[in-house]
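We did not get these values from a lab; they are worked out from the coordinates using the rules stated. Since the model is a prediction, treat every value here as computed from it, not as a measurement. Here the Cβ positions follow ideal geometry from the backbone for every residue, glycine too, while neighbour counts run over all protein chains shown.
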Amino acid sequence: MTVMQHIWIVLGVLFVFLNIAAGLIWVERRLLALWQDRLGPNRAGPLGLFIVLADTLKLFFKEDWIPPFADKLVFIVAPAIVVASVLMGLAVIPFAPGIVVADLNVGLLFFLAMSSLGAYSIVLGGWASNNKYSLLGALRGASQMIAYEVFMGLSLMGVVMLSGSFNLTTIVTAQQHVWFVVTQPVGFIIFFIAGIAETHRLPFDIPEAESELIAGFHAEYSGMKFGMFFIGEYLGISLISAMTVTMFFGGWLGPGFLPPVVWFFLKTFVFIALFILLRASLPRPRYDQLLGYGWKILLPLVLVNLLVTGAIALWLRS
Amino acid sequence: MPLLFYISSVIAILATIMVITRYSPVHALLYLVVSFLAIAVIFLSLGAPFAAALEVIIYAGAIMVLFLFVTMMLNLGKQTALQEKEWLQPKVWIGPSLMAFALLAEMIILLLRPESVAMPFAVVTPRQVSMSLYGEYIIAVELVGFLMMTGIVGAAHIGKHKKKNLHRFLQT
């Protein structure tokens, strides 16, 4: 592949995913409204689509205020970390045969590394705000993300065992005959739960929990810095959905009447909609319930899953 | 990729110097994270992508977040920064820099030896790493497992607290 083709792929991925993240503002509000028997934003433009434009313009023109008591440098860096780490994670995802930014042989580990770096954004944002509620949100975020990273990594190892590779393209092609969601159902469920906790979406949005902590770690943020947290969250949803599709639902594979990329994005949108449905339907657990559930139920479950998968893989090979 | 190696080495050294000289513990930890990331790139440039990924996942992604977590819980304010400032007087640098100079001299002598060879470069795949971990070094892996089990048992013992009777609203 030539250098120009690489540059086009990088630009294309950036363009598509930043637009998906922005478009999700509208998608989420319309879908929530649908499930709550309302209309949602429907005035600006066709079907209310221009709400995205209006929201973005609003964020750009709001006063960007840094509190005088904040740690200025860390305060500015924190929102950038989440967007940067999620965009780096998107680099290893194969969208179709040949359309991948970096086809690493440790692609899966790279994704896990980038998602673990995303935790800094919450921790640093909450600490630098120098505000009690923000600090509480940051502490919750740190413990939640460390706990759920463990299961996230372990739940994917079953897939690695079956496909024999950390390379995401190999993992997708290993699902030619049967998707890994059939052979690894427990792994899929735990990965999805851990993914919700990693992106701290509802019902696991405990670091921001607006009814207890005002807005948690981003209480002091305004303007485009808040917008970066906002976009980072939507990018995180897209990344986790894309990852679920790649790992468990056969990535770009599908019947031949549609091109592979279309299959990939169709499947991804199903999971994005599932994220939004969870927000519309589930209440938020208490903080200690979340951590207890993780360590006492999910961790033993994922270890048993690994043990059984390993045993079956060995038995099949012998 | 010698250029990548030198750039990330310089970043790692600068970040580590910043770790030592910062007064605020959170800033020092942040520079330590930068240093770990730079070391991960060094591993990558030497052909060890698996080690690089683990460096980021475990050191930068887990251990440093825990450090940051504890530092935030202790909520060290201006007081500690002042204390750090007192500790970092110029005269405390004399001992460490003498020792560091000895190391530097040794390294320069080694580098200037006539029979110096180029750095060997070979990409080590995750498969090779796990083959040697679970083949050649299986005893070491098991011993580390024992050690971690001891740590977990100890932590569980320290963390155990007396049973309290909670109000029915607070019971899970």
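Counting only helical runs of four or more DSSP H residues, what would the 222 nm mean residue ellipticity of chain B come to if each run contributes -39,500 (n - 2.57) and the total is spread over all its residues? Value at 222 nm, helices only: -22500 deg cm²/dmol. Of the residues B:L68, B:L82, B:L112, the one that moves most in a GNM of chain B with alpha-carbon contacts below 10 Å is B:L112.
Based on Cα contacts under 8 Å between residues 6+ apart, chain A shows a relative contact order of 23 percent. Note on chain B: with charges restricted to the Cβ of Lys and Arg (+1) and Asp and Glu (-1), its dipole about the Cα centre is near 1020 debye.
Averaged over the residues of peptide B:57-68, the number of Cβ atoms from other protein chains lying within 10 Å of each residue's Cβ is 5.
Other protein chain C-beta atoms within 10 Å of residue C-beta, averaged over A:110-123: 5. Only Cα pairs under 8 Å and 6+ residues apart enter the sum, and on that basis the relative contact order of region A:1-157 stands at 18 percent. Across region B:80-172, Cα-Cα distances exceeding 24 Å account for 71% of all pairs. Oblate is the label for region A:1-155, because a/c, from the alpha-carbon gyration tensor with a ≥ b ≥ c as root eigenvalues, is 1.5 or above and a/b does not exceed b/c. In 20 Å bins starting at 0, how do the alpha-carbon pair distances of chain A split up by percent? Bins of 20 Å from zero give 31, 59, 11, 0 percent of pairs. Its DSSP H runs of at least 4 residues, each contributing -39,500 (n - 2.57), put the calculated 222 nm mean residue ellipticity of chain A at -22500 deg cm²/dmol, to the nearest 500.
Cβ crowding within 10 Å, taken as a proxy for footprinting-reagent exposure, orders A:H6, A:H218, A:H177 from fewest neighbours to most as A:H177, A:H6, A:H218. Here the gap between B:S9 and B:Y23, fully extended at 0.36 nm per residue and compared with their Cα-Cα distance, gives a gain of 2.7 nm.
Taking amide H positions as modeled 1.01 Å from N, with prolines and chain starts lacking one, the residues under 5 Å from A:S222 and 5 or more places away or on another chain are A:W65. Let a ≥ b ≥ c be the square roots of the eigenvalues of the Cα gyration tensor of region B:1-106; is it rounded (a/c under 1.5), or, if not, prolate (a/b larger than b/c) or oblate? Oblate is the answer for region B:1-106, as a/c is 1.5 or above yet b/c matches or exceeds a/b.
Scalar couplings 3J(HN,Hα) for region A:222-229, obtained by applying the Karplus form with A = 6.51, B = -1.76, C = 1.60 to θ = phi - 60°, are 9, x, 6, 5, 4, x, 5, 4 Hz; x denotes Gly and Pro. An oblate overall shape is assigned to region A:263-318, the ratio a/c of its alpha-carbon gyration tensor axes (a ≥ b ≥ c) being 1.5 or greater and a/b not exceeding b/c.
As a proxy for reagent exposure, ranking A:H200, B:H167 by other Cβ atoms within 10 Å from fewest up yields B:H167, A:H200. Stokes-Einstein, applied to the Kirkwood radius of region A:185-318 over Cα pairs at a viscosity of 1.567 mPa s and 4 °C, places its translational diffusion at 76 µm² s⁻¹. Remark: A:M88, B:M131, A:M4, A:M224 ranked as A:M4, B:M131, A:M224, A:M88, counting other beta-carbon atoms within 10 Å and listing the fewest first. Applied to region B:101-109, the Karplus parametrisation 6.51 cos²θ - 1.76 cosθ + 1.60 on θ = phi - 60° returns per-residue 3J(HN,Hα) values of 5, 4, 4, 4, 4, 4, 5, 5, 4 Hz, with x for Gly and Pro. Computed over region A:87-169, relative contact order equals 36 percent, with contacts defined as Cα pairs under 8 Å that lie 6+ residues apart.
Between B:S97 and A:K296, the FRET efficiency estimated from the beta carbon spacing at R0 = 45 angstrom works out to 0.35.
Spin-label model, B:H161 to B:L74: label points 7 Å out along the Cα-to-beta-carbon direction sit 2.1 nm apart.
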